[in-house]
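Novice: One structure follows; several queries about it will come next.
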């Protein structure tokens, strides 16, 4: 058994590395101390020793409870998981009775060098090669009839898509009609989406059963809508779908991007697959894939781990550490009414869910191949830590902290959590509007040294109040993070970091944001949206954005100090609303000044230095000691004025137009020369040490991850 486990673990590790996973990487010492051992080939009737390990994590949990009942003051209990595979039919759940006493820990960790894998999927076999070269597989009944996520050899397979990835599919017309049937009345609306009939050709030959399994996905501004296709009128070029009513502030309109998924007649590119009406899967293999050696997994359950406290009742899951575990294949199934467009896919749950969790530590985990989000510490989570986790290939977002609803009592508040030194890559593949890292109603969290790349909406989102109402998202620290290749021309109104509401005490510093690209408007580096207040942005490097390095919709008391803001395409600094509204009358703590710009270096080649939909002289803002430089020629246009005329109005006090003397700005080397004029204005040079840290192999893992080729952005986004 031991030899078989080692062989299996070695083979699995090869697949994981091919798919971008890494082993836990801890050094193996002279011996391993444990209280209990678990192995896939163990026996729950045994004592849980190395010689006779338990077979299930649930049995180990029961043993830990028994041990703590006998010795309640025992500080630490360790459970070691040998390498191998556990296929989960339901989530592993930690409850208050699993907690360790104050000062102690209950630890579930990987045996050194052996990756334990917890999968929420089912491996498919019995591949039949069809005459056209596609593979045909039967989906087990345990998976269900509507599988939406398939993984082949450690890679996400693409649901047969029309048009294929990279093509623009423009809507010709969108019309919303009143619901004429009981079903539509419950759902809220009937949508008729009109296209050029030629664009619907792959749908024309589908049976009604096959057509009913097709999804239409529409991108509109910062959201997307996903619905089931219920009817097709090829003559009119229309598809019909029922679902929840559109939100008036972000409806589907003419010109939105759209595409169709799970179209069997469009299964024409390597890596694509479709679910047939008879429940079989048809897959077109990628080059080099062989049916006899392929590992093919279908996701089955949506949540793999839960921390189930009851914070409203004051019952918490406390002081548990998970270390070195690999969590794969979490599911998501689109409900009959489709996906209701919600910013950041805020209401969708995650593969790891936590409520009422305190001092929980997730260390060295891999969370990969998910249908929705990866990890969410939601209600009543305090003092938790997520560190050195590899989180990738996500249907939704990466990490989420806090609730979407304001906490009604202190026990429901989420605060004081640490997110440090994690890799979050390649997300939003089912929910494009998801964020790399999201903080809702939660404050005093620390987010440091994370690498966040290849998401289709915002990199980091902080705050969940639109306007000046009460907010719990205060005093968060966002520092030394590397956020890059965000947006990629799919959605709009997004940023490298996006903030909402009153956030007094929040600091965003020493981060590196670059290659932030929207579909139409709103590819910003630093984006303070509605009511953002009391935030300091300092010592950040921002470059290669579409619409601006900094943008404030409206807010108050924000400070943008000592940043390098470089090479935005359309404008460098934008303020889009003067905001004459007043905060609540009884609240005198909200400052009058909207934004202060001081001691920044702003360098660009195209676009305007300043842009606003309203007159700059209406805006209550301050600017001083900034260095402005256009590499294509001297900067002469400050809201239609020369710098001297602008300064005569009290703006840009002490600022200059001059070459900052970077070592090689064209190559994005922003090292300043010793005689840079920025230094005379008080600019303080800072080192760009953003991103993951520590083990050189960990740093290299983030650096060598494949990212989108920014030179090949879709033409419609340029």
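Novice: Just checking, how many residues over the range 594-604 are outside any strand (DSSP E or B) and modelled with pLDDT of 95 or more?
Specialist: So the count comes out to 2.
Novice: Right, something else. Is it true that residue 139 is under 27 Å from residue 332 (Cβ atoms), modelled with pLDDT of 85 or more and more than 25 Å from the chain's Cα centre (by Cα)?
Specialist: For residue 139, the condition - under 27 Å from residue 332 (Cβ atoms), modelled with pLDDT of 85 or more and more than 25 Å from the chain's Cα centre (by Cα) - is met.
Novice: Of the residues 63, 33, 71, 9, only one is modelled with pLDDT of 50 or more and surrounded by 13 or more Cβ atoms within 10 Å (Cβ to Cβ); which?
Specialist: Values: 33 fails: surrounded by 13 or more Cβ atoms within 10 Å (Cβ to Cβ); 71 fails: surrounded by 13 or more Cβ atoms within 10 Å (Cβ to Cβ); 9 fails: modelled with pLDDT of 50 or more.
Sole residue among the options that is modelled with pLDDT of 50 or more and surrounded by 13 or more Cβ atoms within 10 Å (Cβ to Cβ): 63.
Novice: While we're on this one: For the range 608-641, what are the residues that are in a loop (DSSP other than H, G, I, E, B) and within 17 Å of residue 659 (Cα to Cα)?
Specialist: Passing the criteria: 625, 626, 631, 632, 633, 634, 635, 636, 637.
Novice: Determine the pairs where a residue that is closer than 20 Å to residue 53 by Cβ and in the same structural domain as residue 327 (by TED's automatic domain parsing), located within the range 89-117, has a partner that is in a loop (DSSP other than H, G, I, E, B) and at pLDDT below 95 with Cβ atoms under 6 Å apart, the partner being 6 or more residues away or on another chain.
Specialist: Between residues of the range 89-117 that are closer than 20 Å to residue 53 by Cβ and in the same structural domain as residue 327 (by TED's automatic domain parsing) and residues that are in a loop (DSSP other than H, G, I, E, B) and at pLDDT below 95, the close pairs are 110/24; 112/26; 112/28; 113/28; 115/23.
Novice: Can you find a residue in the range 167-177 that is at pLDDT below 85, farther than 27 Å from residue 434 by Cβ, assigned by TED's automatic domain parsing to the domain that holds residue 267 and in contact with a helix residue (DSSP H, G or I) (Cβ under 7 Å, 6 or more places away or on another chain)?
Specialist: No: zero hits.
Novice: Also, quick follow-up: If residue 133 meets every condition in (1) assigned to a loop (DSSP other than H, G, I, E, B); (2) outside the structural domain of residue 267 (by TED's automatic domain parsing); (3) touching a strand residue (DSSP E or B) at 6+ places or on another chain (Cβ under 9 Å) apart from one, which number is that one?
Specialist: So residue 133 meets the others, but not (3).
Novice: Suppose we filter the range 661-684 for residues that are without any contact (Cβ under 8 Å) to a residue 40 or more places away in the chain, part of a strand (DSSP E or B) and under 33 Å from the mean Cα position of the chain (by Cα); how many remain?
Specialist: So the answer is 3.
Novice: Further question on the same structure: Can you tell me which residue among 418, 367 is modelled with pLDDT of 95 or more and surrounded by fewer than 24 Cβ atoms within 10 Å (Cβ to Cβ)?
Specialist: Unique residue meeting the criteria: 418.
Novice: Go through the range 314-338 and count every residue that is assigned to a strand (DSSP E or B) and free of Cβ contacts under 8 Å to residues at least 40 places away in the same chain.
Specialist: 0
Novice: Now a separate question. What strands (runs of 3 or more DSSP E), lying completely within the range 184-298, carry at least 1 residues that are surrounded by 15 or more Cβ atoms within 10 Å (Cβ to Cβ), at negative phi and touching a helix residue (DSSP H, G or I) at 6+ places or on another chain (Cβ under 6 Å)?
Specialist: The qualifying strands (runs of 3 or more DSSP E) are 189-194, 231-233, 238-243, 272-275.
Novice: Another one. Looking only at the range 344-351, decide whether some residue is crowded, with 24+ Cβ neighbours inside 10 Å and either over 21 Å from residue 246 (Cα atoms) or not assigned by TED's automatic domain parsing to the domain that holds residue 320 (or both).
Specialist: yes
Novice: Which pairs have Cβ atoms under 8 Å, sit 6 or more apart or on different chains, and link a residue in the range 187-214 that is within 18 Å of residue 252 (Cα to Cα) to one that is in a helix (DSSP H, G or I) and at pLDDT below 90?
Specialist: Listed pairs, sorted by first residue: 190/184.
Novice: Within the group 669, 695, 675, 645, which residue is surrounded by 12 or more Cβ atoms within 10 Å (Cβ to Cβ), modelled with pLDDT of 95 or more and not assigned by TED's automatic domain parsing to the domain that holds residue 420? Before the answer, list the steps.
Specialist: Details: 669 fails: surrounded by 12 or more Cβ atoms within 10 Å (Cβ to Cβ); 675 fails: surrounded by 12 or more Cβ atoms within 10 Å (Cβ to Cβ); 645 fails: modelled with pLDDT of 95 or more.
From the options 669, 695, 675, 645, the qualifying one is 695.
Novice: Let me confirm something: among 110, 100, which residue is under 18 Å from residue 83 (Cα atoms) and either at pLDDT 95 or above or under 29 Å from the mean Cα position of the chain (by Cα) (or both)?
Specialist: After applying the criteria, what remains is 110.
Novice: Turning to a different aspect of this structure: Determine whether residue 341 is touching a residue at least 24 places away in the same chain (Cβ under 8 Å), surrounded by fewer than 23 Cβ atoms within 10 Å (Cβ to Cβ) and assigned by TED's automatic domain parsing to the domain that holds residue 411.
Specialist: On the way: touching a residue at least 24 places away in the same chain (Cβ under 8 Å): yes; surrounded by fewer than 23 Cβ atoms within 10 Å (Cβ to Cβ): no; assigned by TED's automatic domain parsing to the domain that holds residue 411: yes.
So residue 341 fails the test.
Novice: Is it the case that residue 397 is more than 27 Å from residue 75 (Cα to Cα), in contact with a helix residue (DSSP H, G or I) (Cβ under 8 Å, 6 or more places away or on another chain) and crowded, with 23+ Cβ neighbours inside 10 Å?
Specialist: Yes.
Novice: Quick one: count up the residues across the range 299-313 that are surrounded by fewer than 16 Cβ atoms within 10 Å (Cβ to Cβ) and assigned to a strand (DSSP E or B).
Specialist: The number of residues fulfilling the criteria is 0.
Novice: May I ask you to verify whether residue 356 is surrounded by 22 or more Cβ atoms within 10 Å (Cβ to Cβ), within 22 Å of residue 310 (Cα to Cα) and either in contact (Cβ under 8 Å) with a residue 60 or more places away in the chain or outside the structural domain of residue 96 (by TED's automatic domain parsing) (or both)?
Specialist: Yes, satisfied.
Novice: Would you pick out the residues in the range 429-448 that are out of contact with any helix residue (DSSP H, G or I) (no Cβ under 7 Å at 6 or more places or on another chain) and buried (at least 23 other Cβ atoms within 10 Å of the Cβ)? Spell out how you get there, then give the answer.
Specialist: To start, the set of residues in the range 429-448 that are out of contact with any helix residue (DSSP H, G or I) (no Cβ under 7 Å at 6 or more places or on another chain) comprises 429-430, 432, 436-437, 439-448.
Within the range 429-448, 430, 432, 436, 437, 439, 440, 441, 442, 443, 445, 447 meet the criteria.
Novice: In the range 515-530, is there at least one residue being at pLDDT 95 or above and within 21 Å of residue 420 (Cβ to Cβ)?
Specialist: No, that holds for no residue.
The values are calculated or read from the model by the stated rules, or taken from the named source; none is laboratory data. On a predicted model such as this, the values are computed, not experimentally measured, just so you know. Every residue, glycine as well, gets a Cβ built from its backbone with ideal geometry; the counts of neighbours run over all protein chains shown.
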